[in-house]
Structure formats: C-alpha cells, structure tokens
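Asks: Please find one structure pasted underneath; my questions will follow.
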Amino acid sequence: MAYDVLAESLRLIMSGLPDGPVRLSRRRRFAPVAVDVDGDVAATRFLRRGVGCYWDETHLLVLDNHGAWRTLGGGGSSDGEDPTAGQFERARDDLAPYQVALNGSAGVVHDADPLLPWGTRWVHGSAVLVGHGVAELHVNGRHLPVPYHGHLVVVWSSRRPPTITAHDGTGRTVATATVSPTE
C-alpha cells in the first residue's frame, strides 16, 4: 500500500517527527522516521510496510520558484522482516555509543538553476544511524536532534559533501564523519 509521498513529506517538514515510537501494522502502513531541511532542499525518510517485507525510503524535495515543495525523487531498500518499533530501535545496538554509521546516499539532478553555469545541480541525501551516546548531529550549521531510534537523514545540494559532527547530551563533540556522495 502506497502513501502520498509529497503530502506526508510536507507534514513531516512542517510539523517534525512524532514523539511516539514507530509502529507499522495492517492499518498503519507507513511511518515517518527522519527529516532534514537545508534552505531550499529537504530529505524525508519513511518506513513502509510492503507485502512480506518493509521498505526504508528516502525522498528528496526542493522548493520551486513559487515557494512550494516538490519531490525530485529518492530511493529505498527492503528487508524481508516486518519491523516492529523494537526491531527498528535495536538496529543501533551493535554500534559503539558514539559511532556514526553512514548508510549510503542518493542523489538526483535538480531542474535548471540559473545561478550555475552548467544549468543544473545535484541534491543529495544520506541515511545515518548513530549510537546510543549521540544526542545531536551538526551539519553545515544545522542542529539535528537524534530521535529515540537513532535513524536520521541528511540532505545537501553543494558539490562538496558535508561533514557531520556528533555531540553527546552535554554538547561535547564525540565523532566526526564526512558523507560520501558515492556511498
């Protein structure tokens, strides 16, 4: 069962993540798990229950010339198990407390951009999983609080991938990682 990617992504961009745990069922076929907005680009991440599997999907969005968000594309992967909130949360149990795991990235070409000589630009998004000791990620001046499950998404549109700095609950820097657009 599909969901309206644009409508649900807009809800996530405007309202943020829900406080409760991720729950998928026969009635609740998808759940938002992460969001990041960097100026005129955004990435949203959802779990979606499929037939005999679940999908971990990331969607990339851009603001158009009229100030409205539109989807550019995205990607996802599936797993043969139906996730419960517990299984999704336990994904980071094998990580060291301050570890930052970059789980690949996706990129799509944005429509013609008059500010660039070649007329287009890339929008990238990367899934991130952090250990239990990480409370917040800093990415290019943005502060991304870590949700209770440790899964995040990072978006950027520059040619150079961002450096992610992980901080513990006291604000101390505990790890640094650079996203690779080819992961």
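The values are calculated or read from the model by the stated rules, or taken from the named source; none is laboratory data. Values in this document were obtained by computation on a predicted structure and should not be read as measured data. So basically every Cβ, Gly included, is an ideal-geometry build from the backbone, and we count neighbours across all protein chains shown.
Asks: What are the residue pairs meeting all of these: first residue in the stretch 1-24, first residue within 18 Å of residue 143 (Cβ to Cβ), second residue assigned to a loop (DSSP other than H, G, I, E, B), Cβ atoms under 7 Å, and 6 or more apart or on different chains?
Replies: Close Cβ pairs satisfying both conditions: 17/147.
Asks: Filter the stretch 141-164 for residues that are more than 17 Å from residue 56 (Cβ to Cβ) and in contact with a Ser or Thr (Cβ under 8 Å, 6 or more places away or on another chain); which is modelled with the lowest pLDDT?
Replies: In this case the residue turns out to be 161.
Asks: What tally of residues in the stretch 165-183 results from selecting those that are among the β-branched types (Val, Ile, Thr), modelled with pLDDT under 95 and surrounded by fewer than 18 Cβ atoms within 10 Å (Cβ to Cβ)?
Replies: Number satisfying all stated conditions: 3.
Asks: List pairs: first in the stretch 144-167 and more than 19 Å from residue 13 (Cα to Cα), second among the acidic types (Asp, Glu) and at pLDDT 95 or above, Cβ under 6 Å, 6+ apart or cross-chain?
Replies: Correct list of pairs: 167/136.
Asks: I'd like to verify a number: residues in the stretch 5-32 that are β-branched (Val, Ile, Thr) and within 19 Å of residue 72 (Cα to Cα), how many?
Replies: Summing the residues that are β-branched (Val, Ile, Thr) and within 19 Å of residue 72 (Cα to Cα) in the stretch 5-32 gives 2.
Asks: Can you tell which of 115, 129 is at pLDDT below 95, among the aliphatic types (A, V, I, L, M) and touching a helix residue (DSSP H, G or I) at 6+ places or on another chain (Cβ under 9 Å)?
Replies: 129
Asks: If residue 106 satisfies all but one of (1) at pLDDT 95 or above; (2) surrounded by 17 or more Cβ atoms within 10 Å (Cβ to Cβ); (3) in a strand (DSSP E or B), what's the number of the condition it fails?
Replies: It is condition (1) that residue 106 fails.
Asks: Please go through (1) modelled with pLDDT of 80 or more; (2) buried (at least 17 other Cβ atoms within 10 Å of the Cβ); (3) over 15 Å from the mean Cα position of the chain (by Cα); (4) farther than 15 Å from residue 147 by Cα for residue 54 and return the number of the only condition it doesn't satisfy.
Replies: (1)
Asks: Please go through the stretch 25-77 and give me each residue that is at positive phi and either without any contact (Cβ under 8 Å) to a residue 24 or more places away in the chain or in contact with a Cys (Cβ under 9 Å, 6 or more places away or on another chain) (or both), ordered by number.
Replies: 67, the sole residue that qualifies.
Asks: Could you figure out which of (1) surrounded by 12 or more Cβ atoms within 10 Å (Cβ to Cβ); (2) more than 19 Å from residue 60 (Cβ to Cβ); (3) modelled with pLDDT under 90 isn't true of residue 80?
Replies: Looking at each condition in turn, residue 80 falls short on (1).
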